[in-house]
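The values are calculated or read from the model by the stated rules, or taken from the named source; none is laboratory data. Quick caveat: nothing in here was measured; it's all calculated off a predicted structure. Cβ coordinates were reconstructed from backbone atoms using ideal geometry, including for glycine residues, and neighbour counts include every protein chain displayed. These accessible areas exclude ligands, DNA and RNA; they are computed on the full protein's heavy atoms, side chains included. Shrake-Rupley method; radii C 1.70, N 1.55, O 1.52, S 1.80 Å.
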Amino acid sequence: MSTPLRVMIVEDEAVIQMQLEMLLEDAGHIVVATAFSAEEAIADAHRTRPDVVFVDMRLRGRSSGLDVVDAIRAIEGTIIVFVTANAADLDEECDGAAAVIAKPFSVGVIEESMRYIEECVHRPPPEAKRPLGLRVAPSYDAHLESFRRPQSGSDRGAQF
């Protein structure tokens, strides 16, 4: 691993949140924030500016992972990944996220996904093969492919 990713976890199930935090830290990444609700997540994301945000689609109460995605996808350089048991409910474009990991997930899926995402952040386009457990939105795929094509200077650094 090269530079660790700064990760935020938005998950209302404490056991899953702790499991993800442990897996990410064991892989050498830095968990900069955890949140149980959309409101908390939105504030923390703007404060910490993470590289990657893992978001559960259905949060307790009136909170929604969809609200989180809508509010933070404009943070430059932040990749949003849904981690949800409701992956089939997401549209082809992952409802605005770059990708989705279905629950229940395995340790291997998280580890392989993080290696792939790390390349997306630090060395796009990724050389690693996309993990089977990671579904990527076609628009994010196109964004990654844009790094393979010669571009004008203004397009080269565009973020998703």
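Structure data summary
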read-out: Net charge over other residues, Cβ less than 13 angstrom from the Cβ of PRO4 (K, R count +1; D, E count -1); value: -2
read-out: Percentage relative contact order, region 1-78, counting C-alpha pairs under 8 Å, at least six apart; value: 35
read-out: Rounded to whole Hz, the Karplus (6.51, -1.76, 1.60) HN-Hα couplings of region 119-135, x for glycine and proline; value: 5, 4, 7, 8, 9, x, x, x, 8, 5, 5, 5, x, 4, x, 10, 9
read-out: Contour excess over end-to-end distance, with Cα ends at ARG130 and ASN86 and 0.36 nm allotted per residue; value: 13.8 nm
read-out: Inter-part distance where region 127-141 and region 11-84 are each reduced to a Cα centre, Å; value: 19
read-out: Heavy-atom surface of the chain, accessible at 1.4 Å and reported per residue (Å²); value: 49
read-out: Dipole magnitude (debye, nearest 20) for the chain, charges at Cβ of Lys, Arg, Asp, Glu; value: 380
read-out: Where labels lie 7 Å past Cα in the beta-carbon direction, separation of HIS122 and ALA142 in nm; value: 2.9
read-out: Kirkwood-Stokes translational diffusion coefficient of region 31-160, alpha-carbon pairs, 20 °C, 1.002 mPa s, µm²/s; value: 142
read-out: Relative contact order (%) - criterion: Cα under 8 Å, at least six apart; region: the chain; value: 18
read-out: At q = 0.11, 0.15, 0.22 Å⁻¹, base-10 log of I(q)/I(0) for region 1-78 (Debye sum, equal scatterers on each alpha carbon); value: -0.25, -0.46, -0.95
read-out: Other-chain or far-sequence residues with amide H under 5 Å of VAL83's (modelled H); value: VAL55, ASP56, MET57, ILE101
read-out: Neighbourhood charge, 13 Å Cβ-Cβ cut-off, centred on LEU90 and excluding it, Lys, Arg +1 and Asp, Glu -1; value: -3
read-out: ARG115-ARG62 FRET efficiency (beta carbon distance; Förster radius 35 Å; 0.05 resolution); value: 0.50
read-out: Projected label distance in nm at GLU76 and THR3, using a 7 Å step from Cα toward the beta-carbon; value: 1.4
read-out: Amide H partners (placed H, <5 Å) of VAL31, local residues excluded; value: VAL7
read-out: Within the accessible area of the chain (1.4 Å probe), percent carbon and sulfur; value: 51
